[in-house]
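What follows is calculated from the coordinates using simple rules that are stated; it is not laboratory data. Here the structure is a predicted model, which means the values were calculated and not measured. As a convention, Cβ positions derive from the backbone with ideal geometry for all residues, glycine included, and neighbour counts pool all protein chains shown.
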Amino acid sequence: MVNEFLTPFYPFPNKGKKLEELCKKAEKSAEKKKEKCNPYQRILAREVRNWFDNSKMIAICHQNSMTAEDEFELKVPLKRANMYYKRYSRDIVKLALKGSPYSATMPLYSSKFSIVFGSDVNVVAFEKIVKKFPQVILLAGILEGRVLNKEDFLRYGKMDLTSSRVHLVQLLQNAGGNNLNQQLTHHQSTLVARLKQIGTDETTSGENGESVPV
């Protein structure tokens, strides 16, 4: 009689539900996925995409805990070097880069991150500034539209392309002699000379003849 009295007479609310349906966190996560991006998020996403499209240098960094004072101290020297320190939410960055050439960097935004955009390629100055702030750790970068890992980003950014080109030209000149330009353009020069000679011969024969066909 006691067991009968204690038996609930109302139906069990979780009867027949799956395990993922009983988890409140899973339900909230599913609801967030169903939510559409609001107009303000789309505006920020367009801003992020504009930064990616118009920056010659992009440094993607892991962001540890950092005070507002330290963050300000980091932004000032970066701004002097034409670099801009930005922080966005993961959802906004993913919305901005979805289907873009930079989508390969999506896994880097799974944890707290910051992005430094540069109008010029100045990796040396960036590395020198960031070394003073251990809270910011470089993960990867983009130089002139090419996604690079940390090592390639630093190595490629430190290269002096002008000096490398001059060295290559000097090497080719030494290998081919001082008349390298003449050797490379010999066939073109011969062809131009022959065409000029043919044109001169045709003009001379036309002036001596009675009529010249057009």
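Numbers for the structure displayed
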item	result
Of LYS98/LYS150; LYS56/LYS112; LYS56/LYS128; LYS17/LYS98; LYS86/LYS132; LYS56/LYS132, those spanning more than 25 Å from alpha-carbon to alpha-carbon	LYS17/LYS98
Environment charge of LYS75, counting only residues whose C-beta is closer than 14 Å and scoring Lys/Arg +1, Asp/Glu -1	+1
